[in-house]
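After the structure tokens below, expect a handful of questions from me.
The values are calculated or read from the model by the stated rules, or taken from the named source; none is laboratory data. Computed from a predicted model, the values in this text were never measured in an experiment. All Cβ positions, glycine included, derive from the backbone under ideal geometry; neighbour counts span all protein chains shown.
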Amino acid sequence: MAIIAAVAAGLGIVETGCHSAPQMTPQEAEGKHLYQVRCAHCHEDNDLALKKVPPDLHGVFEHKNLPSGIPATDAAVRQNVLTGRGMMPGFAGRFDDEQMAALLAYLHTGLR
């Protein structure tokens, strides 16, 4: 069993109960942090008590379209984040290119 664990660790696989998930890259981990501090307040926790709850972003890139109906592409998500859409305000100036790439990388994980 120790050999299997060592091989799994060498491949970057982390055990999570009965399932194993690939370890996050540093970019995905940074994106997770950004998501947690800048997005989750509305898109998960709704701790701002918004009357219209924003869409759940888990698996957002697993669908052909975003909740708004536009194609689920990096460019569309970047545009939504920076300029806003519907009730969502824009966050231009709050994400540099590197941070936006990290956020997109994390969103592509399905928010694991």
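If I go through the stretch 29-84 residue by residue, how many of them are out of contact with any helix residue (DSSP H, G or I) (no Cβ under 6 Å at 6 or more places or on another chain), part of a loop (DSSP other than H, G, I, E, B), within 14 Å of Arg112 (Cα to Cα) and in contact (Cβ under 8 Å) with a residue 24 or more places away in the chain?
The number of residues fulfilling the criteria is 2.
Report yes if Glu44 is among the acidic types (Asp, Glu), modelled with pLDDT of 65 or more, within 25 Å of Glu98 (Cβ to Cβ) and out of contact with any Ser or Thr (no Cβ under 8 Å at 6 or more places or on another chain), otherwise no.
Working: among the acidic types (Asp, Glu): yes; modelled with pLDDT of 65 or more: yes; within 25 Å of Glu98 (Cβ to Cβ): yes; out of contact with any Ser or Thr (no Cβ under 8 Å at 6 or more places or on another chain): yes.
Yes.
Here is a follow-up. Suppose we keep only residues that are without any contact (Cβ under 8 Å) to a residue 40 or more places away in the chain and in a loop (DSSP other than H, G, I, E, B) within the stretch 85-94. Which one would you say is farthest from Arg38 (Cα to Cα)?
By that ranking, first place goes to Gly86.
Here's a follow-up. Counting only residues that are of a type in the set (S, T, N, Q) and at pLDDT below 80, which one in the stretch 16-37 is surrounded by the most Cβ atoms within 10 Å (Cβ to Cβ)? Even if it seems obvious, please write down each step before you answer.
Of all residues in the stretch 16-37, those of a type in the set (S, T, N, Q) come to 16, 20, 23, 25, 27, 36.
Next, from what is left, pick out any that are at pLDDT below 80: 16, 20.
Working: Thr16: 9, Ser20: 12.
Per the stated criteria, the residue is Ser20.
Arg78 - would you say it is surrounded by 13 or more Cβ atoms within 10 Å (Cβ to Cβ) and either more than 18 Å from Leu111 (Cα to Cα) or aliphatic (A, V, I, L, M) (or both)?
Details: surrounded by 13 or more Cβ atoms within 10 Å (Cβ to Cβ): yes; either more than 18 Å from Leu111 (Cα to Cα) or aliphatic (A, V, I, L, M) (or both): no.
Taking the combined requirement at face value, the residue does not satisfy it.
Please specify each residue of the stretch 95-109 satisfying the condition of being in a loop (DSSP other than H, G, I, E, B), of a type outside the set (Phe, Trp, Tyr) and closer than 13 Å to Tyr35 by Cβ. It would help to see each step written out before you state the result.
Step one: filter the stretch 95-109 for residues in a loop (DSSP other than H, G, I, E, B), giving 95-96, 109.
Subset that is of a type outside the set (Phe, Trp, Tyr): 96, 109.
Selection gives Thr109 alone.
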